[in-house]
Amino acid sequence: MKDIPKTIQIGLHTITISFEKGLKDEKGNPLCGSFEGSKLHITIDSDIPETLKIETFWHEVVEALVFFLEIKMPHDKIQSFGLLLSQVAGQMTFENEPMMKLFTGRK
């Protein structure tokens, strides 16, 4: 959870991020994460591995973008785009100090 912020900005919206143990959907199926547009909130399962938490964070950011843009995007494309973003952001934050500061506020 060290690389996941507590909030992000998308346009004028502040999206809060929290962690919940044993996250499930309305049918009781396990979830890695979810985005609730009406609450401007991302929830990530606290039980999953750290690397999966980071990937899930970016997946849910894409879900938020799709929500705000009011576009239709198949879930497999959201997953692919989220995975790509997690890889790009990870590369920038771990290998580039100015980008690390930009994304995390840390040096």
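If I filter segment 1-11 for residues that are part of a loop (DSSP other than H, G, I, E, B), over 25 Å from Leu69 (Cβ atoms) and hydrophobic (A, V, I, L, M, F, W, C), do I get at least one hit? Checked segment 1-11: at least one residue is part of a loop (DSSP other than H, G, I, E, B), over 25 Å from Leu69 (Cβ atoms) and hydrophobic (A, V, I, L, M, F, W, C). Residue under question is Phe19, and the condition is that it be in a helix (DSSP H, G or I) and at pLDDT 95 or above; does it hold? No; evaluated as a whole, the condition is false for this residue. Taking every residue in segment 79-100 that is β-branched (Val, Ile, Thr) and pairing it with any residue that is at pLDDT 70 or above, at least 6 positions away or on another chain, the pairs with Cβ-Cβ distances below 8 Å are Thr93/Asp3.
Within segment 22-47, how many residues are acidic (Asp, Glu) and either touching a Phe, Trp or Tyr at 6+ places or on another chain (Cβ under 7 Å) or part of a strand (DSSP E or B) (or both)? Reasoning before the result, please.
From segment 22-47, those acidic (Asp, Glu) are 25-26, 36, 45, 47; that's our starting set.
Then drop every residue that is not either touching a Phe, Trp or Tyr at 6+ places or on another chain (Cβ under 7 Å) or part of a strand (DSSP E or B) (or both), which leaves 36, 45.
Counting residues in segment 22-47 that are acidic (Asp, Glu) and either touching a Phe, Trp or Tyr at 6+ places or on another chain (Cβ under 7 Å) or part of a strand (DSSP E or B) (or both) gives 2.
Yes or no: segment 73-83 includes at least one residue that is at pLDDT below 60 and surrounded by 12 or more Cβ atoms within 10 Å (Cβ to Cβ). Scanning segment 73-83, I find no residue that is at pLDDT below 60 and surrounded by 12 or more Cβ atoms within 10 Å (Cβ to Cβ), so the answer is no. Could you tell me which residue of segment 46-64 is surrounded by the fewest Cβ atoms within 10 Å (Cβ to Cβ), considering only residues that are closer than 20 Å to Phe81 by Cα and of a type in the set (Asp, Glu)? Here the answer is Glu50.
The values are calculated or read from the model by the stated rules, or taken from the named source; none is laboratory data. Predicted model, so just to flag it, every value in this text is computed and none were measured. As a convention, Cβ positions derive from the backbone with ideal geometry for all residues, glycine included, and neighbour counts pool all protein chains shown.
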